[in-house]
Amino acid sequence: MGEADLARLAAIAQPMSISEGRAFIAEGDPAEHFFNITAGTAKLFKLLPDGRRQITGFASIGSFLGLAVSVTYAFGAEAVEPVHLCRFSRPRLRTLIDDLPAMEKRLLEVASNELVAAQEQMLLLGRKTARERVASFLLARRDPPAAALVSLPMARTDIADYLGLTIETISRTLTRLRNEGLIDLPSPTRVRLLDPAGLNTLATGLS
């Protein structure tokens, strides 16, 4: 999109700051807005019938949330660290899209990426081993894709929930990957990828 198109989009955006631990999307609420994260990380989750939450993903800078064409939100979202985002009214966006084909193309790309991510998650939970799941998760968290340092602002319990593992398995697997020279753990919220190619071989099940 050109600068003029971006300016028109910015004109209908409502900047918001979300503190750590605060939810900004509630599953089942009317889907009147969608959101674009400009800083920070949020966790996405589904509510189970017994009241538990299943984490289905993590959204970071550049992520669009709430684009699905349904009358209510299909998931909840909560900040795992301070989050800055832009909130857009869906009715106003619909009017803008009618005038900006480039915007519609961009949103279709986002929706397609969300479908691919959902398919990857099903594979991850259904077929991959614990080591393969953790390796896949670390590689997916790289931003930019070639970055060697990965930020993990979420709790280990959230990672375990997302990957369908126990927190003890997460800790053991990270330690094993470090001992194998694939990663380093400079802090509880940072992982340095020492051998991205080796992690990729592990993540794809080729090791």
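Looking for something surrounded by 14 or more Cβ atoms within 10 Å (Cβ to Cβ) and among the acidic types (Asp, Glu) - is there at least one such residue anywhere in the stretch 45-55? Looking through the stretch 45-55, none of the residues is surrounded by 14 or more Cβ atoms within 10 Å (Cβ to Cβ) and among the acidic types (Asp, Glu).
Looking only at the stretch 127-167, count every residue that is among the acidic types (Asp, Glu) and more than 14 Å from residue 41 (Cα to Cα) and tell me the total.
Of the residues in that region, 2 qualify.
When every residue of the stretch 158-173 is checked against the conditions, at least one turns out to be under 22 Å from the mean Cα position of the chain (by Cα), surrounded by 15 or more Cβ atoms within 10 Å (Cβ to Cβ) and over 16 Å from residue 132 (Cα atoms).
Residues that are modelled with pLDDT under 95 and either more than 22 Å from residue 59 (Cα to Cα) or not β-branched (Val, Ile, Thr) (or both) do occur in the stretch 164-183.
Selection of the stretch 17-35 for residues being under 21 Å from residue 74 (Cβ atoms) and in a strand (DSSP E or B) yields 18, 23, 24, 25, 30, 33, 34, 35.
The values are calculated or read from the model by the stated rules, or taken from the named source; none is laboratory data. Remember, it's a predicted structure, so these values are computed and weren't measured experimentally. Using ideal geometry, Cβ is built from the backbone for each residue, glycine included, and neighbour counts are taken over all protein chains shown.
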